[in-house]
Structures are given as structure tokens and as C-alpha cells.
Amino acid sequence: MEEIQLYPHSHYLFKAKWILPITLPPIFNGGIEVKGRKIVRIGKFKDIKRECKRAKLVDFEDSIILPALVNAHTHLELSALRFRLSPSGSFGFWVKNIIKKKAELSPFEMKESARMALNEMWKDGIGIIGEVSNSAITLDSVCSSPFFGYYFQEIIDFKGLKKLSPLSTPPECSGFKVTYSAHAPYTVSPLLLQAIKSYTRKRKKLFVIHCAESEEEVEFLKTGKGFFKKLLQEKGQWNESFSPPGKSPVMYLYSLGILDKNTLLIHAVHLNNEDIKILKKTNTKVCVCLRSNLFIGVGKPPLKELIENGIEACVGTDSLASNDKLSIWEELKALSSFYPEISLEKLLEMATFRGANILGFKNLGALSPGFLAFFIVINLKNSLPENFSEVITLLVNSQKEVIYRTNVYKYREQT
């Protein structure tokens with residue numbers, strides 16, 4: 001894969017057999033004019049060429065141009081656990097195993113594996129990430145990478161003793177937003193959940209939390225018993241003042257005043273009809289991590305119902321402790337298989353524009369005038385057809401390679 005570095009003085013005219021702007025109709029034999037780092041015009045190549053005399057022409061020929069992909073949920077600090085855990089039908093078994101295996105990792109292993117995972121995602125066409133860490137061990141790697149994204153400093157504290165000191169974004173981390181996140185309703189006390197939400201709300205940042213991932217979580221919030229109570233007691237984290245709310249995870253967070261347009265729920269597998277109504281009412285967002293859910297045997301989210309209710313959804317991979325690849329292409333392939341009633345165009349939108357928008361990057365995730373020219377160029381194994389429905393089917397389901405991508409790393413602090 002080759003990179004095209006965009007500078008403030010750059011002036012390009014890019015051509016490809018297909019351009020997928022995402023927020024505009026697909027363009028056959030399309031062109032994109034780029035000045036500096038931003039898209040000036042996009043449309044039929046023959047039309048743009050007439051008015052674009054001095055730009056440097058780059059013809060990608062039988063290829064597809066589309067926005068860089070978004071992996072809205074990762075845990076890079078767990079990358080060293082790749083292939084060290086087996087798929088399981090028991091969420092509790094997986095949780096105990098990951099705690100044990102993570103404790104065996106050295107800081108060097110965690111950092112080096114995270115660096116390699118970032119490199120793999122970059123080559124795979126991902127450009128924006130939502131990285132979650134409870135150790136901050138991956139912050140340096142993320143800051144020195146060419147990605148845009150969010151860095152969530154995750155809180156795990158069911159006793160609620162954690163004090164939230166203001167977080168600052170390192171100067172070298174200009175492409176990232178840094179804030180706190182809560183791990184889950186069963187690992188953070190009610191008052192601390194509200195404190196974290198207050199912190200993010202005051203700073204106009206996204207609040208992220210794993211929610212409704214497993215039946216064990218549902219059981220704990222309804223009864224206060226089961227796997228998670230035992231685990232919290234074993235780890236010395238049980239809070240004697242906790243009274244089970246007797247509600248679903250979504251209803252519990254709603255009762256705490258946490259759900260709103262700047263809240264992103266990760267997984268959202270175990271939802272009932274009332275939960276979905278609440279998510280719609282509050283304009284809460286959802287990130288689906290299907291292959292991770294299948295790996296640990298917790299089921300699959302009601303994505304069709306979420307979309308039908310107008311709930312914005314994006315795509316994540318979760319970590320290499322519950323996935324073999326941090327590939328959004330593999331996620332899209334799995335999603336298209338399990339949800340054939342959802343169009344491939346919609347799934348691709350979730351993995352680009354929708355994900356970028358949810359993470360707060362309003363000028364990324366689509367190819368449109370005024371947007372940053374942050375895109376990838378794909379070659380398929382077979383020649384591209386002239387029928388778009390065939391093109392997008394091949395793009396999602398067939399063998400592909402990212403042959404070029406633009407890089408705006410050195411100047412991204414201006415976005």
C-alpha cells in the first residue's frame with residue numbers, strides 16, 4: 001500500500017472507475033478535485049476535468065475510492081491476547097480468562113502488540129478509531145499514529161472511590177479527543193457513572209459504556225445476584241450500599257440520566273422493545289461488534305430493529321481477545337450474512353460516515369465538498385462491473401486490497 005501525503009499546497013485530480021462518496025450517490029468513472037487537504041469538487045471525471053486545468057492527475061484506473069473506514073470500538077492494550085483465548089459460549093468463563101491472561105502480559109508485549117495492531121488497521125483501510133484503555137499504556141502509540149479518533153480512559157470502580165482529575169490531550173495527539181469512559185453498569189458505581197457522564201457532558205465529549213452485552217449483566221442489574229456479584233466480591237470490589245435497580249441495563253442508565261445524543265452504548269445485544277423506545281427517545285447511539293459477540297457467545301444485537309427506529313449505529317471490532325482481526329471488512333461481511341435484510345449501502349455507511357459522525361468528526365467519513373480528503377483506494381481481485389449493486393457486493397464480500405490511501409497526519413491539527 002502506498003500513501004499520498006496531502007499538504008496545504010497540494011492540488012490533485014483523482015480519477016477512478018467507481019467513487020463511493022457515501023452521502024452522495026455512487027459515481028461511475030468519477031473524479032475528485034482536492035486542494036490542500038480538502039475536497040473541492042466531486043462528480044463525473046469528464047465534467048470536473050473541463051474546469052480543473054492545473055491539478056496533478058492521479059488515475060487509479062479499475063479501482064474504487066471511498067472514505068477511510070471507522071473502527072468505533074477497540075481495546076488495543078489487549079492485542080497481545082490474540083489467539084490466546086478460545087471462542088466460548090460462556091461469557092463468565094471468558095471474563096475470568098481474560099483477567100488471568102492480561103495479568104500475565106508485560107508492558108512491552110502490550111505496547112508492541114498494540115503498535116502492530118494499529119499498523120494492521122491502517123493497511124486494512126481504517127482511519128478513525130475509538131480506542132478504550134484502562135491502563136493508558138497505548139496512548140503513546142495512538143498519538144504517534146496517523147489515525148484520527150477518541151482515546152477513552154476507562155474507569156472500573158464499583159466501590160465508586162475514583163476521583164476524576166481533568167485529562168489533557170498531549171500536544172502530539174492532536175488528531176485525538178481524550179476523555180473518560182465507564183466500563184459497564186456492573187463495574188462502576190451508580191454515583192461514579194453519573195460523575196463520568198457529568199465530566200463528559202461539561203466538556204461536550206462522548207460518553208461511552210459497554211451495555212447490555214450479556215445475560216449475566218441483565219441478571220445482575222435485575223437481581224443483584226449471579227456471576228458479577230461473585231466476581232466483584234472475589235476482586236474486593238463489592239459495594240455493600242448497592243441496591244439492584246431491578247431494571248434492564250438500558251432502563252438503569254436511563255434512570256441515572258445518562259442516556260442522550262452524546263452517549264454511545266457498546267454491544268447493545270440484550271435489548272427489549274422498551275429499551276429500543278428509550279434509545280430512540282433519548283437519541284442514544286449504538287456500536288455493534290458482531291464478531292466479538294459471536295466469539296464469546298452472547299448473541300447478536302437487534303440491528304434491524306435499531307435501524308428501523310432511527311437509532312444511529314456504527315461498527316467496532318472490540319479487541320483481539322474476542323476477535324481474530326481488527327478488520328471492519330470482516331465485520332461488514334459478517335453483518336451482511338447475519339442481517340441480509342439490511343442493505344450493503346447502509347452497512348457501509350455505518351462503517352464510514354455514521355461512525356465518524358458519532359465520534360464527532362463532522363468533516364470525515366464521506367467524500368463531499370468541504371470534507372477532508374481522507375480516503376482509501378481499493379482494488380478487487382476481479383475486474384469491476386458497471387452495475388453498482390454488483391460492485392458493492394464484491395467490495396464487501398470478495399478479496400480486496402487497499403492499494404493507496406491519503407495521509408493528512410502532519411496537518412490534522414487544523415481540522
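The values are calculated or read from the model by the stated rules, or taken from the named source; none is laboratory data. All figures in this text were calculated on a predicted structure; none of them were measured in a lab. Please note: Cβ atoms are built from the backbone with ideal geometry, for glycine as well, and neighbour counts cover all protein chains shown.
Of the residues making up the stretch 384-395, those that are assigned to a loop (DSSP other than H, G, I, E, B) and touching a strand residue (DSSP E or B) at 6+ places or on another chain (Cβ under 9 Å) number 2.
So if I check each of VAL70, VAL58, which one is of a type in the set (A, V, I, L, M, F, W, C) and surrounded by fewer than 22 Cβ atoms within 10 Å (Cβ to Cβ)?
Details: VAL70 fails: surrounded by fewer than 22 Cβ atoms within 10 Å (Cβ to Cβ).
Going through VAL70, VAL58 in turn, just one is of a type in the set (A, V, I, L, M, F, W, C) and surrounded by fewer than 22 Cβ atoms within 10 Å (Cβ to Cβ): VAL58.
The number of residues in the stretch 114-135 that are touching a residue at least 60 places away in the same chain (Cβ under 8 Å) and more than 24 Å from TYR404 (Cα to Cα) comes to 1. When each of LEU384, LEU395, LEU364 is tested for being buried (at least 17 other Cβ atoms within 10 Å of the Cβ), modelled with pLDDT of 95 or more and farther than 22 Å from LEU264 by Cα, the lone residue that passes is LEU395. Which residues, counting only those in the stretch 368-397, are over 22 Å from TYR151 (Cβ atoms) and either among the β-branched types (Val, Ile, Thr) or within 19 Å of the chain's Cα centre (by Cα) (or both)? Those that are over 22 Å from TYR151 (Cβ atoms) and either among the β-branched types (Val, Ile, Thr) or within 19 Å of the chain's Cα centre (by Cα) (or both): PHE375, ILE376, VAL377, ILE378, VAL391, ILE392, THR393, VAL396. Of all the residues in the stretch 1-26, those that are more than 17 Å from ASN379 (Cβ to Cβ) and touching a Pro at 6+ places or on another chain (Cβ under 7 Å) number 1. Given the conditions (1) at pLDDT 95 or above; (2) in contact with a helix residue (DSSP H, G or I) (Cβ under 9 Å, 6 or more places away or on another chain), which single one is not true for HIS183? It fails just one condition, (2). Among the residues of the stretch 131-146, count how many are modelled with pLDDT of 95 or more and more than 18 Å from TYR199 (Cα to Cα). Result for the stretch 131-146: 1. Taking the criterion of being surrounded by fewer than 22 Cβ atoms within 10 Å (Cβ to Cβ) and either aromatic (Phe, Trp, Tyr) or under 23 Å from VAL142 (Cα atoms) (or both), the residues of the stretch 201-223 that qualify are ARG203, LYS204, LYS205, LEU206.
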